[in-house]
């Protein structure tokens with residue numbers, strides 16, 4: 001996740017092995033371009049993904065990657081683990097080994113998982129101000145009723161964190177199945193909310209994050225890069 005922003009003169013000093021004062025003449029000659037446009041000045045902000053050219057020569061840079069994985073039950077949402085198969089163990093060879101997870105799922109949950117090496121993108125997904133919706137399909141042990149809908153819409157107070165959850169949507173699909181929409185991601189949130197009704201969760205599958213829907217053509221354990229139109233809404 002090392003793609004933090006930095007000043008252009010700092011970046012060039014490190015990339016070219018020059019002192020920062022040696023960068024000023026290059027800027028004055030207008031021979032530096034960033035992402036195809038003339039550099040704005042020494043304090044122009046760049047990161048590991050910026051395409052920086054000096055006198056027509058392109059400096060090394062990283063390529064952002066955005067992946068969708070159909071996470072199976074029993075796979076841990078981590079990049080390494082001594083006991084369980086991790087989501088990174090499932091990724092194809094062309095995936096950047098520095099990918100990180102944009103919104104985890106617990107061991108016994110399945111469905112849509114997004115991975116990227118672009119921390120700015122993943123931060124937007126998790127930033128509360130954007131209220132990105134996450135939609136889950138849930139199977140429970142006991143019958144559902146209208147009381148669940150009202151309780152989820154009101155939110156729940158979690159004593160341990162000392163917070164009141166945001167209003168959530170619960171849509172009953174059948175007697176034992178519901179579709180739940182959240183705009184936050186508290187620890188085991190759905191299981192804890194349904195726990196207030198003493199109704200155990202038998203299966204939990206995430207099917208959508210924002211406008212990105214799980215590709216049902218992907219078998220559990222399979223992954224693919226996100227398409228351009230899937231990225232548009234968050235970029």
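The values are calculated or read from the model by the stated rules, or taken from the named source; none is laboratory data. The shown structure was predicted, so the numbers you read here are calculated from the model rather than taken from an experiment. Neighbour counts run over all protein chains shown; Cβ positions are idealised from the backbone, glycine included.
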Among 98, 94, which is outside any helix (DSSP H, G or I), modelled with pLDDT under 90, over 27 Å from residue 190 (Cα atoms) and in the same structural domain as residue 134 (by TED's automatic domain parsing)? 98
Across region 212-233, which residue is modelled with the lowest pLDDT among those that are farther than 23 Å from residue 74 by Cα and in a loop (DSSP other than H, G, I, E, B)? 233
How many residues, within region 132-164, are under 30 Å from residue 99 (Cα atoms) and surrounded by fewer than 11 Cβ atoms within 10 Å (Cβ to Cβ)? 1
Only one of 55, 48, 43 is over 30 Å from the mean Cα position of the chain (by Cα) and either surrounded by fewer than 13 Cβ atoms within 10 Å (Cβ to Cβ) or not assigned by TED's automatic domain parsing to the domain that holds residue 120 (or both); which? 55
Let me spell it out: the conditions are (1) touching a residue at least 12 places away in the same chain (Cβ under 8 Å); (2) surrounded by 12 or more Cβ atoms within 10 Å (Cβ to Cβ); (3) not in a strand (DSSP E or B), and residue 81 meets all of them except one. Which number is the exception? (1)
State yes or no: is residue 119 in contact (Cβ under 8 Å) with a residue 60 or more places away in the chain, assigned by TED's automatic domain parsing to the domain that holds residue 205 and under 14 Å from the mean Cα position of the chain (by Cα)? yes
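Taking the conditions exactly as written (within 17 Å of residue 226 (Cβ to Cβ) and either outside the structural domain of residue 187 (by TED's automatic domain parsing) or at pLDDT below 90 (or both)), does residue 79 satisfy them or not?
So residue 79 fails the test.
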What number of residues within region 89-104 are over 20 Å from residue 123 (Cβ atoms) and out of contact with any strand residue (DSSP E or B) (no Cβ under 7 Å at 6 or more places or on another chain)? 4
Checking the conditions here, which among 20, 29, 24 is surrounded by fewer than 16 Cβ atoms within 10 Å (Cβ to Cβ), free of Cβ contacts under 8 Å to residues at least 24 places away in the same chain and touching a helix residue (DSSP H, G or I) at 6+ places or on another chain (Cβ under 6 Å)? 20
